[in-house]
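Just below is one structure, and these are the notes that go with it.
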Protein chains: 2
Amino acid sequence: MNQKNYCVIMAGGIGSRFWPMSRTAFPKQFHDILGVGRTLLQMTYDRFLPICPKENILVVTNERYKELVLEQLPDIKPEQVLCEPFMRNTAPCVAYSSFWIGDREPDANIIVAPSDHLILNNAEFQRIIEISITQAQESSNLVTLGIKPTRPDTGYGYIQWKEDKKSENELVKKVKTFTEKPSLELAKDFLDSGDFYWNSGIFIWTLNSILNSFQNNLPDMYKAFSEGQGLYGTENEKEFIERIYPACENISIDYGIMEKAKNVNVVLSDFGWSDLGTWGSLHTHLAHDGHQNGVVGKNVLLYNCADNVVNIPNDKLAVLHGLNGYIVVESDNILLICKKEDEQKIKQFVNDIKLKKGENWI
Amino acid sequence: MNQKNYCVIMAGGIGSRFWPMSRTAFPKQFHDILGVGRTLLQMTYDRFLPICPKENILVVTNERYKELVLEQLPDIKPEQVLCEPFMRNTAPCVAYSSFWIGDREPDANIIVAPSDHLILNNAEFQRIIEISITQAQESSNLVTLGIKPTRPDTGYGYIQWKEDKKSENELVKKVKTFTEKPSLELAKDFLDSGDFYWNSGIFIWTLNSILNSFQNNLPDMYKAFSEGQGLYGTENEKEFIERIYPACENISIDYGIMEKAKNVNVVLSDFGWSDLGTWGSLHTHLAHDGHQNGVVGKNVLLYNCADNVVNIPNDKLAVLHGLNGYIVVESDNILLICKKEDEQKIKQFVNDIKLKKGENWI
């Protein structure tokens, strides 16, 4: 294991499409959403343990979730939890963690990953990460993982790749274009063509490469965070971050850097990935009975039910009869029953509830 | 108000068809099942306040519910709650309360009623009770209230009536036959004929008449309870009851007395009655939105839903989307979702749960 490998887990999101389980006070990444005994954050952490020393794993999150992170990951130290004073997009999060690492290890290799994704084949993931680190070191390029698409999903970003003549590894390609959330027609064309992969949001680069990219593409952000050099990891870090964050641009790393940079590789990956973006996407990954019901909950009895995704606390009994194609979720005093085919409406419900019943329920 | 009027409220049942709200530890009659702010027991008590002095209202229930009764009816004294050591059918319950009343008031008029029925027109109910008391006193007959049927329900008992030449009141009839739970075809014939009424399970008689009927039709039970004369209402009552109850026949007052006695009147009634036997029957009586949804619960949001009966605790938020014709009930850590047309299956579910998950859930 390379002692210069660092992992940055981004854990500041809310995951409102997973309401009512994912709530502002207790977002998706902190839930054992698959009913396997580990939360999504814990599974992400576990996945990085063979890749870097545990003291090199950073979690970037909102100040309000710091205690939750430390509870769920008792092996990391408080200073490994980097706290954003309020929600910003991914670029400030990457800048913050990069400079933090820079104060410790100028030769670091960095893996940046969301905290709330599912990866089924961890051994293959590890192999892909190693290929990516090698590529990042040898080429000084930015590396992103592309996921072999299995359906024309219109909710994802797509990466078109082309051959990278400089690389001998056939999984390593050059990025030709990024396309966010295409139309269904376009997504079908992408799938047919074979040279479009899903954008996973998992990145690998060296510290030098990413700092150079900030300097070139987001110079104000680079300047702001560079003024903190020497303060990261000290008692003055918090005051500094709270001072500069309000002026930070609210921009994603994809839009702010990846889509502009010329030196981007994509590594073609296929390790059983899901962003677990919606209840429906979860359905695919839950154990199924003989009737395509995906159930989490120790006391759920189904009679004459098919094709449902059910998530009920273990201490609760649920008896379901005659339901086909529904999401049935109970979480922290909220019950949601929603037709699976209409799950995109959950966002509307949440807005409606905010207006009618107040912030406490969301 | 006649000071010799006594009311006996039978409150020992379990109401398993109303599971999961009605549970062994907290049966239906103790719930505010309509969401009106009073439980069914309290509504029954209220209904009798204009008919007899409140110290003449007795509640017969199982020992385990005594505290619950006293909590819900703070105006009655502990001795007015007659406790059965274990569940028996209605005949022992009537015998017990009759002898209890006999030790206080040998000239009593007694009204016996279930604790878990709904009556919408209380003024009309009071008028019918007065007619019935008059008839019971003048004729020494047993009087039962017949309910004008509105549908060929196969779950009820039916009373066929004929004219009573001795009575001048046109609502007072003689009972010709009792028929329990007829076939649908028969029930339709009953409805068409016009001379069949539903058996409400509400009875009116004088103390002397009912004691005579016990002596003639259930002589062993009569003898057992008569040996306690002088003990009812004293500190020795409990020990006596616990001694004789095990030997009591487990029989209903309908089968043990009413169907055998020759001196039975039925008073034709129409006061908006329901036995609230099932969730479906409750649906009719709940306030409806524009889409035939009957909802109890302060935080229930329906989207694209019709013809459902929903009962959710007030402190809980429920969001329902795309449901048609379902029962959705949450009560004390149990969630039930069941197609309304299949609600008779709830009993099977309860049996299944008893086997698979244990007694605690039922």
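Conditions (1) touching a helix residue (DSSP H, G or I) at 6+ places or on another chain (Cβ under 6 Å); (2) under 22 Å from A:Gln135 (Cβ atoms); (3) within 14 Å of chain B (Cβ to nearest Cβ), marked per residue:
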residue	(1), (2), (3)
A:Pro246	no, no, no
A:Lys260	yes, yes, no
A:Asn265	yes, yes, no
A:Ser269	yes, yes, no
A:Leu282	no, no, no
A:Asp289	no, no, no
A:Gly294	yes, no, no
A:Cys305	no, no, yes
A:Pro313	no, no, yes
Pairs with Cβ under 7 Å, 6+ apart, first in region B:33-52 and under 14 Å from B:Gln72 (Cβ atoms), second open to solvent by 60 Å² or more (accessible area, probe 1.4 Å) and of a type in the set (A, V, I, L, M, F, W, C): none
Filtered residue count, region A:131-174, keeping only those that are under 19 Å from the mean Cα position of the chain (by Cα), open to solvent by 20 Å² or more (accessible area, probe 1.4 Å) and more than 17 Å from A:Trp273 (Cβ to Cβ): 1
Some residue of region A:77-95 being small (Gly, Ala, Ser), at pLDDT 95 or above and in a helix (DSSP H, G or I): yes
Tally of residues being under 17 Å from the mean Cα position of the chain (by Cα) and open to solvent by 20 Å² or more (accessible area, probe 1.4 Å) across region B:244-280: 8
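Taking only region A:313-333 into account, find how many residues are open to solvent by 20 Å² or more (accessible area, probe 1.4 Å) and either among the hydroxyl-bearing types (Ser, Thr, Tyr) or within 24 Å of A:Val36 (Cα to Cα) (or both).
Total meeting the criteria: 5.
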Positions within region B:120-130 being modelled with pLDDT of 95 or more and either within 19 Å of B:Thr177 (Cα to Cα) or within 16 Å of the chain's Cα centre (by Cα) (or both), in sequence order: B:Phe125, B:Ile129
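Please go through region B:334-344 and pick out each residue that is at the interface with chain A (Cβ under 7 Å from one of its Cβ atoms) and open to solvent by 60 Å² or more (accessible area, probe 1.4 Å).
Matches in region B:334-344: B:Lys339 only.
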For A:Leu301: the one exception among (1) closer than 30 Å to A:Gly157 by Cβ; (2) surrounded by fewer than 21 Cβ atoms within 10 Å (Cβ to Cβ); (3) at pLDDT 95 or above: (1)
Residues being open to solvent by less than 10 Å² (accessible area, probe 1.4 Å) and in a helix (DSSP H, G or I) - total across region B:46-55: 1
Selected residue [modelled with pLDDT of 95 or more and surrounded by fewer than 21 Cβ atoms within 10 Å (Cβ to Cβ)] from A:Tyr222, A:Tyr197: A:Tyr222
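The values are calculated or read from the model by the stated rules, or taken from the named source; none is laboratory data. These figures come from a predicted structure and were not determined experimentally. FYI the Cβ positions are ideal-geometry reconstructions off the backbone, even for glycines, and counts take in every protein chain you see. Just the protein is used for accessible areas: all its heavy atoms, side chains included, with ligands, DNA and RNA removed. Shrake-Rupley method; radii C 1.70, N 1.55, O 1.52, S 1.80 Å.
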